[in-house]
Amino acid sequence: MQISRDLGKRLDAIDAPLADPGPLRLAAVLAALLPGDLEVGPRLLLIERAGGLRTHAGQLAFPGGKPEPGDRDLLETALREAEEEVALPRAQVEVLGRLSPVPVPTGFLIVPFVGLVRGPWRPRSQDSEVKAVLTPTLLELADPARYHFGGTREWQGTRYVLHEYRIHEPPLWGATARMVFDLLERMRLADTAGA
């Protein structure tokens, strides 16, 4: 399985206008795709957040965070955070586009960028916020046996589908699982029977 050349056409443009976030603050993450071998195919980079953090402790997530004053834009925020958290050189990331922004109850609107990592690179945790680095294959994430449909919930007048991927303990759930589902749908890998 290879990453299709037209994936960028199925993503939102990098600089597409964002809707007004209202009271939510903006944050950015990087969904980095790692080339894989012919047997297992491409992988997706995730981190397990450290257990002592104030928010999202112990959860699986994409590298990312809040903008800092020196960031030109949200894309730079996502690339800087990935470099700080897992030592991913931004020069090795070919940014393909964006997924749909995801609001979260902690008061943020998370803007996910999708990038393809070019050249040799070994992920490693280099930030105290990161407990572990995971690289599940897209085939693992698309495996219906690892996916759990958690029903729907309403938050601030909007109904959301709850997704869970049983690829680790703890499993991948919440906002990041919504982003992963969005990515798999755009790559035509998601089983949407339950959603």
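The values are calculated or read from the model by the stated rules, or taken from the named source; none is laboratory data. As the structure is a prediction and not an experimental result, all values here were calculated from the model. Don't worry about glycine lacking a Cβ; one is built from the backbone with ideal geometry, like all the others, and counts go over all protein chains shown. Just the protein is used for accessible areas: all its heavy atoms, side chains included, with ligands, DNA and RNA removed. Shrake-Rupley method; radii C 1.70, N 1.55, O 1.52, S 1.80 Å.
Report the antiparallel proportion of the DSSP beta bridges in the chain as a percent, rounded to a multiple of 5.
Looking only at bridges with both residues in the chain, the antiparallel portion is about 75 percent.
Students often check this: by mean Cβ neighbours within 10 Å, which of 183-190, 9-16, 65-72 ranks highest, and how do the rest follow?
Order by mean packing, descending: 183-190, 9-16, 65-72.
With a 10 Å cut-off between alpha carbons and a GNM built on the chain, which of GLN59, GLN156, GLN92 moves the most?
GLN156
Which residue fluctuates most in the GNM of the chain (Cα springs below 10 Å): LEU60, LEU46, LEU162?
Highest fluctuation among the options: LEU162.
Take peptides 100-108, 174-182, 135-143 and line them up by average Cβ neighbours within 10 Å, highest first, as a rough protection proxy.
For the peptides 100-108, 174-182, 135-143, the packing ranking is 174-182, 135-143, 100-108.
Check VAL130: other-chain or 5+ apart residues with amide H under 5 Å from its amide H, H built from backbone geometry?
ALA50
Please list the non-local residues whose amide H lies under 5 Å from the amide H of LEU96, H modeled 1.01 Å from N, same-chain partners needing a gap of 5 or more.
VAL114, GLY115, LEU116
Compute the accessible area per residue over region 11-102, keeping the other protein chains in place, probe 1.4 Å, unit Å². Show your work: numbers first, answer last.
Details: 4290 Å² over 92 residues.
Accessible area per residue: 47 Å².
Which percent, to the nearest 5, of DSSP beta bridges fully inside region 20-136 are antiparallel?
Bridges in region 20-136 are about 65 percent antiparallel.
Divide by every residue of the chain the summed helix terms, -39500 (n - 2.57) for each DSSP H run of at least 4, and state the resulting mean residue ellipticity at 222 nm, rounded to the nearest 500 deg cm²/dmol.
Result for the chain, helices only: -4500 deg cm²/dmol.
About the Cα centre of region 97-190, how large is the charge dipole given +1 on each Lys and Arg Cβ and -1 on each Asp and Glu Cβ? Please answer in debye to the nearest 20. Provide the component values of the computation, followed by the final result.
On the way: 12 positive and 9 negative charges, 49 e Å.
Its charge dipole is roughly 240 debye.
Tell me which of PHE113, GLY174, VAL130 sits at the most positive position along the dipole axis of region 98-195, charges placed on C-beta atoms (Lys, Arg +1; Asp, Glu -1).
The listed residue farthest towards the positive side: PHE113.
Give, rounded to the nearest 20 debye, the magnitude of the charge dipole that the chain has about its Cα centre when Lys and Arg contribute +1 at Cβ and Asp and Glu contribute -1 at Cβ.
Details: 23 positive and 26 negative charges, 29 e Å.
In total the dipole reaches around 140 debye.
Output ³J(HN,Hα) for region 60-65: one whole-Hz value per residue in order, computed from phi by the Karplus curve 6.51 cos²θ - 1.76 cosθ + 1.60 with θ = phi - 60°, and x for Gly and Pro.
With coefficients 6.51, -1.76 and 1.60, one gets 7, 7, 8, x, x, x Hz.
Which of the three applies to the chain, rounded, prolate or oblate, going by the alpha-carbon gyration tensor with a ≥ b ≥ c and a/c under 1.5 meaning rounded?
It is rounded, given that a/c, with a ≥ b ≥ c, falls under 1.5.
What residues have an amide H closer than 5 Å to that of LEU88, excluding those fewer than 5 places away on the same chain, when H is modeled at 1.01 Å from N in the peptide plane?
Residues meeting the criterion, in which the H sits 1.01 Å from N, are GLU83.
Short version: ³J(HN,Hα) in whole Hz for each residue of region 11-27, in order, from phi by Karplus 6.51 cos²θ - 1.76 cosθ + 1.60 (θ = phi - 60°), x for Gly and Pro, what are they?
9, 5, 4, 4, 9, 4, x, 9, 5, 4, x, x, x, 7, 8, 7, 9
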